[in-house]
Amino acid sequence: MLATAIIVFREVLEAALIVSIVLAASLGALGRGYWVSVGVGAGVIGAGLVALFAANIAAAVSGVGQELFNATILLLAVGMLGWHIIWISRHGRELATSARAIGKAVISGSRPLHVLAIVCGVAVLREGSETVLFLYGIAASGGVGAVSLIGGGVLGLAGGVAIGAILYFGLLRIPTQRLFAVTNWMVLLLAAGMAAQAAGFLVQADLLPPLGEAIWDTSAVLTEDSVLGKALHTLIGYVSRPDGIQILFYLATLLGIWLLAEWTGRTVPPPPQPSAHRPIAT
Amino acid sequence: MVRSPFLPLLMILAMSGRAEAEDATYSLVIKDHKFQPTEIVVPAAQKVALVVKNEDPTPEEFESTELRREKVVPGGEQITVYIGPLKPGRYEFFGDFNPSTARGHIVVK
């Protein structure tokens, strides 16, 4: 049961961290519970479908369907995260001001929450489909009893959600007027990490050249196998032995979204509020 | 279906990649949640194709942190992953769904 729980935990962790960041980044927005639930729910259904058609996906496009699928949905999520950041850069100051004015942020308006719902959906879909396949595998091989299987699954799920909750409530301790500056950076790093991951899949499928293998090697310090390594892999895109092209994708995404956000942010008149870039420490 | 600007681009990349690919191929078999063989020796500084055939009825995920590879191998199916060009050394891989039994490594010389 413990072995099952650990594997489920590792899969759930990534999705839970992403959903937590999305929840924090949309704090106070009307309807965020609805949209995040829609995203997670669609992700769960999608995960079942992907697991069901795993053989078809793997065989598609001369055997690289799985990589193309993963890379495509990762890049889709990168696009959605970028959209969110650019939107916030246009409206962030109003958000911070109204949050301070009301005390507790209740922000209505045209906030594009469906964008964040898609990000949640993609995160749950990717990790969820692997969880379903794994659980199906042990159920089918009959080595473990139903109690152990379900118990392990629930325990792993609870563990992953707990870590996500810790991150979420940790983020809520940040003063509301600075929260969105923090979550914006987190979302930016999340997007860059996903882009690097997509590049990795395309190298695996031999669709992109690696441009140098293991440009650096920090696996002696921290591997992605460890829970901390896996969490950092999700949160900031940590890779202990990155390919050159992964670094390229990472930096291009980071710079691309940041420059676009700066540029669109400049087209709105800046209200008198210079505190957005100061450190979080009080 | 989601309209993504990346998909057509990826398709073009896919086709161009397929045309030139004539890489050395190495085979692995998964049976009873174990890899056979558990050691594969491949040349350094050369891209190779690794074919993983799953003879179990249950799915497995071929994974290697050191090689940054992960790919689901459905029951009874086979997949190909491309690795390298690699530096000489030893690279561990494992089955993510049965990590206690499904283990092996690639030696690059």
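What follows draws every value from the coordinates through simple rules; no lab data is involved. These numbers were taken from a predicted model, which means no experiment stands behind them. Cβ sites come from the backbone with ideal geometry, for glycine too, and all protein chains shown count toward neighbours.
Quantify how strongly other chains surround peptide A:224-235 by giving the mean number of their Cβ atoms within 10 Å of each of its Cβ atoms.
Working: counts 3, 6, 1, 0, 0, 1, 1, 0, 0, 1, 0, 0.
Whole-number average of other-chain Cβ neighbours for A:224-235 is 1.
Would you mind giving the mean number of other chain beta-carbons within 10 Å of the Cβ of each residue in A:79-86, as a whole number? Mind dumping the intermediate values first?
On the way: counts 3, 0, 0, 0, 0, 0, 0, 0.
Mean partner shielding for this stretch: 0.
Just tell me which aspartates and glutamates come within less than 15 Å, Cα to Cα, of residue B:47; anything on the same chain fewer than 8 places away is out.
Leaving aside aspartates and glutamates fewer than 8 places away in the same chain, those within reach of residue B:47 are A:206, A:213, A:243, B:20, B:22, B:23.
Using a cut-off of 13 Å between alpha-carbon atoms, which aspartates and glutamates can reach residue B:109, once sequence neighbours fewer than 8 places away in the same chain are excluded?
Partners found: B:39.
How would A:186, A:1 line up from fewest to most surrounding beta-carbon atoms within 10 angstrom? Intermediate results must be reported in sequence, preceding the final value.
Details: A:186 20, A:1 17.
So the ranking, lowest neighbour count to highest, is A:1, A:186.
Pick out which of A:256, A:82, A:28 has the largest mean-square fluctuation in a Gaussian network model of chain A, springs linking Cα atoms closer than 10 Å.
Of A:256, A:82, A:28, the Gaussian network model singles out A:256 as fluctuating most.
Quote the relative contact order of chain A in percent (integer), defining contacts as alpha-carbon pairs under 8 Å separated by 6+ residues.
Working: 398 pairs, mean separation 87.5, N = 282.
Worked out over chain A, it gives 31 percent.
Taking the Cα centre of region A:2-266 as origin, work out the dipole magnitude from +1 charges on Lys and Arg Cβ and -1 charges on Asp and Glu Cβ, in debye rounded to 20.
Numbers: 13 positive and 13 negative charges, 249 e Å.
The calculation lands at about 1200 debye.
Determine the percent antiparallel among the DSSP beta bridges restricted to the protein assembly as shown, to the nearest 5.
65
Only helices at least 15 Å long along their own axis, judged from Cα atoms, and with Kyte-Doolittle mean hydropathy of 1.0 or greater: name those in chain A from DSSP H.
Helices meeting the span and hydropathy rule in chain A are A:2-25, A:32-52, A:113-141, A:146-172, A:176-204, A:244-266.
Quick one: among A:226, A:89, A:62, which has the greatest mean-square fluctuation in a GNM of chain A with alpha-carbon springs under 10 angstrom?
Highest fluctuation among the options: A:62.
Order these peptides, A:18-24, A:160-166, by their mean beta-carbon neighbour count within 10 angstrom, highest first.
Working: A:18-24: 24.4, A:160-166: 16.9.
Packing order, densest peptide first, comes out as A:18-24, A:160-166.
What is the average number of partner chain Cβ atoms found within 10 Å of a Cβ in B:52-59? Walk me through the numbers on the way to the answer.
Values: counts 0, 0, 0, 0, 3, 3, 10, 11.
Taking the mean over all residues of the peptide, I get 3.
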